[in-house]
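Okay, so here's the structure we're looking at.
The values are calculated or read from the model by the stated rules, or taken from the named source; none is laboratory data. Model, not experiment: these values are computed from the prediction. Using ideal geometry, Cβ is built from the backbone for each residue, glycine included, and neighbour counts are taken over all protein chains shown.
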Amino acid sequence: MTKGFFQLTFLIIFIVGAIFGILVFSGTIKLGSDGSKATGTVVVWGTIKAAAMAAPLEDFNNTHPDFVVRYVEKSAQSFDQDLLEALASGTGPDMFFLPDNLAYHYSNKIFPIPYTSYALNTFNSTFSGAGNVFLTSNGILAFPMMVDPLVMYYNRSLLDAGAVVYPPKVWDDLLALAPTLTKKDDSQKITQSAVALGHYTNVTNAKDILVALFMQLGNPILAEEGGVLHSALDSTNSKYDLSTVLSFYTDFANPAKSVYSWNKSFPNSSDAFSAEELAIYFGFASELQSLVNKNPNQNFFAAPLPQVKGATTKLTSARVTGLAISSATKNLNTAFTAASLMATTEFAGKLATALSVAPARLDLLAAKPAKDAYAPIFYDSALYARSWMDPSPSATNAIFRNMVDQVLSNSLTPRDAITDASAKLDLLLVK
């Protein structure tokens, strides 16, 4: 079967979906409001482990006996190709779990839910702000399900040894703590790092950390005008110049700075943290169990990501997962009903718990698990977490890495590095 056949078949499916979309937007067809009953079986694809889905989905199907939702686990590495080929052959899923960093890439495979069928004010009063990554001028790309916020893990023993009572709450505190928590031998080689910042390749979640820093200053990374996305990195509308943020980040890798605490000799920052060579590690809530498994005897805890001093609001970055409706579904009414119910019933909470992340629903975030010491940090962080519509995770990773490397090598000033990254991001958006 040729590539041309796949492209032609997919084009036909897309055109049919577009015509159907016009009927929905015009009001000729109204999702969930025409009195028709949701029936039959709908299939949902995702990269979530089937074992984690089993119990929540069984309870959901038992609660809603008029239709059946069947889950198919797919490999994260082949998900995109599997979905494309399935859509082309007419055997694709009715719904799929959509990571926020693939929302842009998959948008032409999604049936956007019109605001006439699911009102924007209902969306905003139901889901945390992190779910806004799925809102577009054309409708809702996915119902938010889970929020995985970026938090600060810290080694309590290393802080105690440095006579540090509290982990940093604002970035200025981190600047003050870095010289205290960074240890060097007689040859000035760093033997214990305060924090893994400055470099890129051996800093786990480097892009997410930089995104959080940029967004804390009011920069959304991308902006939409007239239905078209463009880079906001070089915007003059930010409260502060983002070059100061880039300088702040890279200073931790500059031997001439008092905050110097990280270099290329260190392993990946998550491994350094587990080896107790790193006092503070910025990671996602979902990383908790892996950190425990790496070093069960390590004395560490979690705290919110540091904020900008004097800021009236809080913000951290997050990875958000939504439930999207395939543009090729043959049972749109049931797919819409199932997706909306999965996002707004107990299913969402049970799935988030099974995956050790926070739910996207506001009412569930208000009910923190009482016996989980980490849940209050994760749930509170999810309330003020935000994401962005990454057009290509691998390409933007290269853009951000190059931005940092250019400053470290003195090839570009921080200001010019921001401008260069913004221009490359714009080129990526028009490809």
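Observations
- If the condition is being touching a residue at least 40 places away in the same chain (Cβ under 8 Å), surrounded by fewer than 22 Cβ atoms within 10 Å (Cβ to Cβ) and under 25 Å from the mean Cα position of the chain (by Cα), then region 250-274 contributes Pro267, Asn268, Ala272.
- Scan of region 355-365 for residues that are at pLDDT 95 or above and surrounded by fewer than 24 Cβ atoms within 10 Å (Cβ to Cβ), ordered by number: Leu362, Asp363, Leu364, Leu365
- Matching residues, region 206-250, being touching a Gly at 6+ places or on another chain (Cβ under 7 Å) and at pLDDT 95 or above: Tyr249, Thr250
- Residue pairs whose Cβ atoms lie under 9 Å apart, sitting 6 or more positions apart in sequence or on different chains, and linking a residue in region 78-101 that is at positive phi to a partner that is surrounded by fewer than 21 Cβ atoms within 10 Å (Cβ to Cβ) and part of a helix (DSSP H, G or I), are Gly90/Thr9; Gly90/Ile13.
- Elements of the type helices (runs of 4 or more DSSP H) sitting completely within region 333-431 and holding at least 1 residues that are not assigned by TED's automatic domain parsing to the domain that holds His105: these cover 375-383, 393-408, 414-429.
- Just one residue in the set Leu291, Leu278, Leu246 is of a type in the set (A, V, I, L, M, F, W, C), surrounded by 22 or more Cβ atoms within 10 Å (Cβ to Cβ) and out of contact with any Pro (no Cβ under 7 Å at 6 or more places or on another chain); that residue is Leu278.
- Top-ranked residue in region 168-192 [being under 21 Å from Ser247 (Cβ atoms) and of a type in the set (Val, Ile, Thr); ranked as surrounded by the fewest Cβ atoms within 10 Å (Cβ to Cβ)]: Val170
- Here Leu197 fulfils each of the conditions (1) surrounded by 21 or more Cβ atoms within 10 Å (Cβ to Cβ); (2) outside any loop (DSSP other than H, G, I, E, B); (3) touching a Ser or Thr at 6+ places or on another chain (Cβ under 8 Å) apart from (2).
- Near pairs, Cβ below 8 angstrom, 6+ apart or cross-chain, from region 395-410 (within 17 Å of Asn254 (Cα to Cα) and touching a residue at least 60 places away in the same chain (Cβ under 8 Å)) to any residue that is in a helix (DSSP H, G or I) and among the β-branched types (Val, Ile, Thr): Met403/Ile418; Val404/Thr250; Val407/Thr250; Leu408/Thr250
- Only a single criterion out of (1) in contact (Cβ under 8 Å) with a residue 24 or more places away in the chain; (2) under 19 Å from Asn331 (Cα atoms) is not satisfied by Val133, namely (2).
- Figure legend. Inter-residue proximity from region 215-228: first residues without any contact (Cβ under 8 Å) to a residue 24 or more places away in the chain, second residues exposed (fewer than 14 other Cβ atoms within 10 Å of the Cβ), beta-carbon distance below 6 Å, spacing 6+ or different chains. Indicated pairs: Gly218/Lys239.
- Residue within region 21-44 that is under 25 Å from Asp148 (Cα atoms), modelled with pLDDT under 95 and in a helix (DSSP H, G or I) present: no
- Pairs, first loosely packed, with under 11 Cβ neighbours inside 10 Å in region 57-70, second among the polar types (S, T, N, Q), C-beta under 6 Å, six or more apart: Asp66/Thr39
- Positions within region 201-221 being buried (at least 21 other Cβ atoms within 10 Å of the Cβ) and part of a loop (DSSP other than H, G, I, E, B), in sequence order: Val203, Asn219, Ile221
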